[in-house]
Amino acid sequence: MESFFAIGLIIGKLAVVIAILLVLPIPLTWIERKIAGHIQQRLGPMRVGWHGLLQPLADGIKLLTKEDHIPTEADRFLFTLAPIIALVPPFLVFVAIPIGDSVTIFGTEITLYLADMNVGLLYILAVAGIEVYGVIFAGWASNSKYAVLGSLRTCAQMISYEIPMGFSVIGVVMLAHSMSLLDIVEAQAGLWNVVYQPLGFFVFFVAGLAEAQRIPFDLPEAEGDLCAGYHTEYSGIRFSFFMISEYLIVVFLSALIVLLFFGGWHGILIPLPPVVWFLLKLSFFIWVFMWLRFTFPRYRYDQLMSIGWKVLLPLSLANILISGIFML
Amino acid sequence: MVAKVARKVSGWIGWAFFLDLLDGLSLTLSYMFSKTITERYPDDEKWIPFPRYRGHHFLKSNAEGKTNCVACELCSRICPCRCITVVPHEDEDGERHPQVFEIDLGRCLFCGLCEDACPADAIALGRHYEFCDHDSKTLVVGRDALMAMPGKVERGGEVVAARLSTEVGVTVTATGDGEGVDWWRHIRRR
């Protein structure tokens, strides 16, 4: 009986997480378009529903009813596989992301995470790396110049930026003596890691922008010079898979920034429920990601590479060194 | 403010702490929370054009309600598109007036030469600008319809509240007391 209840609880939580993650891109596209509009002194979507709230739904219906086109020259197997490979890792990552410690509902204690792995951080970084394969397959299978160029750029960019990203979290792991995200958050109960690790945070943030392929590092899908990059040939529901994956990666990176550097669900000054604190910080960082997107122009490709290898990598190594000296 | 600081400590310190990036971010942040300048045209607002605007033609009428037009056909002569048809006749009072006065709006290029040529101050181009149609025949407007058209505006250059209606055709009618707002009010000029 006990084990049945536990399994039921896990399945229930799983269903809730999947449902939330599938629905999340809908408000996010609306918010992004609103932010874009207001930065440019426009209003953004206004006509479908109150202040355009139903616009993402209309767009979703449009995407679902569009022709699902596969080019004749394309590799059909990889072409159909790529969106799924791009979509699955963001979902897998959220297994290890806690949104709070635990809450007690009706006398039972429910933990607000699906799995507390002792290698949680390693798992997240590893699984998030798989998403690149979706992008590379998409570009390769499309058999189109733009898509191949886009996916080649992604390949190079992802590999360059995964390294400083991985190095920048080592400082956090050293402070918490653990790779479990719960322990990392508990270690920040007194003071947030961003105070101890400003350099680590900076490197992680910039590398995260590049990992999420957001402006100013959105070279894989540069509209101006590459059409749309790796998803040039995709349409309809397959294209929307890439979109969903992109938005989920933004959410996941914001969650990771909050967990690693901004104290997770620990609040300051104002006593709010821990989950509310976590969601507030999460939405703040999602907003920052969108704000950056509509502020900066895109970096040139050689600049992107030199930032990755000549600036971020030495900085992250220096961060490990400094943290190590202080730990001694 | 950030811009001033950035200029002061330009060079290595500014470069190392990305002050120029912060400058850009502060600019977009201030724009994010500033008033939008979008004119919500068909739904809520409508543009009232300036007096110089050349829209739909109208025929001016005198105190007795008759048209000023004396059917001299000068407008028809000067029209570069030959879109004005005037047929004169003499009414009971012995005055010369147009029996037929038709403008083919589908051919008109809204140059305003008819307005310049008119010796009797009868024809002019007014404020109305929403008259597209699916049928080119309905774009041929007769004398009485021209006399009923709205004239020029007094001030213009304003945005007024309006309402979109799709019941009979598509119309955007101005609502409220006609007090408009300056469209430029939220636009920053440096």
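Just the residues that are more than 10 Å from every other protein chain (Cβ to nearest Cβ) and among the polar types (S, T, N, Q), please, taken from the stretch A:21-45.
A:Thr29
Residues checked against (1) among the polar types (S, T, N, Q); (2) over 18 Å from B:Ala71 (Cβ atoms); (3) part of a strand (DSSP E or B):
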position: B:Gly94; (1), (2), (3): no, no, no
position: B:Glu102; (1), (2), (3): no, no, yes
position: B:Asp121; (1), (2), (3): no, no, no
position: B:Asp144; (1), (2), (3): no, no, no
position: B:Pro150; (1), (2), (3): no, yes, no
position: B:Val153; (1), (2), (3): no, yes, no
position: B:Ala161; (1), (2), (3): no, yes, yes
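Going through the stretch A:120-149 one residue at a time, which ones are under 14 Å from A:Glu73 (Cβ atoms) and either basic (Lys, Arg) or crowded, with 23+ Cβ neighbours inside 10 Å (or both)?
Within the stretch A:120-149, the first condition is being under 14 Å from A:Glu73 (Cβ atoms), and the residues that meet it are A:139-148.
A:Gly139, A:Ala141, A:Ser142, A:Lys145, A:Ala147, listed by residue number.
How many residues are of a type outside the set (A, V, I, L, M, F, W, C) and surrounded by fewer than 14 Cβ atoms within 10 Å (Cβ to Cβ) if we restrict to the stretch B:152-174?
If we filter the stretch B:152-174 for residues that are of a type outside the set (A, V, I, L, M, F, W, C), which is where we start, we get B:152, B:154-158, B:163, B:165-167, B:169, B:171, B:173.
Add one more test, that the residue is surrounded by fewer than 14 Cβ atoms within 10 Å (Cβ to Cβ), and what stays is B:154-155, B:165-167, B:169, B:171, B:173.
Residues flagged as of a type outside the set (A, V, I, L, M, F, W, C) and surrounded by fewer than 14 Cβ atoms within 10 Å (Cβ to Cβ) within the stretch B:152-174 amount to 8.
Could you list all residues from the stretch A:267-295 that are surrounded by fewer than 18 Cβ atoms within 10 Å (Cβ to Cβ) and not in a helix (DSSP H, G or I)? Walk me through how you get there before you give the answer.
First pass over the stretch A:267-295, keeping only residues surrounded by fewer than 18 Cβ atoms within 10 Å (Cβ to Cβ): A:267-273, A:275-276, A:279-280, A:283-284, A:287-288, A:291, A:294.
Answer for the stretch A:267-295, where residues must be surrounded by fewer than 18 Cβ atoms within 10 Å (Cβ to Cβ) and not in a helix (DSSP H, G or I): A:Gly267, A:Ile268, A:Leu269, A:Ile270, A:Pro271, A:Leu272, A:Pro273, A:Phe294.
Among the residues of the stretch A:273-309, how many are within 12 Å of chain B (Cβ to nearest Cβ) and of a type in the set (D, E, K, R)?
Within the stretch A:273-309, residues that are within 12 Å of chain B (Cβ to nearest Cβ) and of a type in the set (D, E, K, R) number 1.
Let's see how each residue does on (1) among the acidic types (Asp, Glu); (2) surrounded by 20 or more Cβ atoms within 10 Å (Cβ to Cβ); (3) modelled with pLDDT of 85 or more; (4) closer than 17 Å to A:Gly129 by Cα:
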position: A:Phe201; (1), (2), (3), (4): no, yes, yes, no
position: A:Phe204; (1), (2), (3), (4): no, yes, yes, yes
position: A:Ala207; (1), (2), (3), (4): no, yes, yes, yes
position: A:Ala210; (1), (2), (3), (4): no, yes, yes, yes
position: A:Pro220; (1), (2), (3), (4): no, yes, no, yes
position: A:Gly224; (1), (2), (3), (4): no, no, no, no
position: A:His231; (1), (2), (3), (4): no, yes, no, no
position: A:Arg238; (1), (2), (3), (4): no, yes, yes, no
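Take the stretch B:176-190 and flag every residue that is away from every other protein chain (no Cβ under 14 Å), surrounded by fewer than 12 Cβ atoms within 10 Å (Cβ to Cβ) and either in a strand (DSSP E or B) or modelled with pLDDT of 75 or more (or both). Please lay out each step first, then the result.
Residues of the stretch B:176-190 that are away from every other protein chain (no Cβ under 14 Å), as a first pass: B:176-182, B:190.
From what's left, surrounded by fewer than 12 Cβ atoms within 10 Å (Cβ to Cβ): B:176-179, B:182, B:190.
The answer is B:Asp182, and nothing else.
The values are calculated or read from the model by the stated rules, or taken from the named source; none is laboratory data. No experiment lies behind these values; they were computed from the predicted model shown. Here the Cβ is made from the backbone with ideal geometry for all residues, glycine too, and neighbour counts use every protein chain on show.
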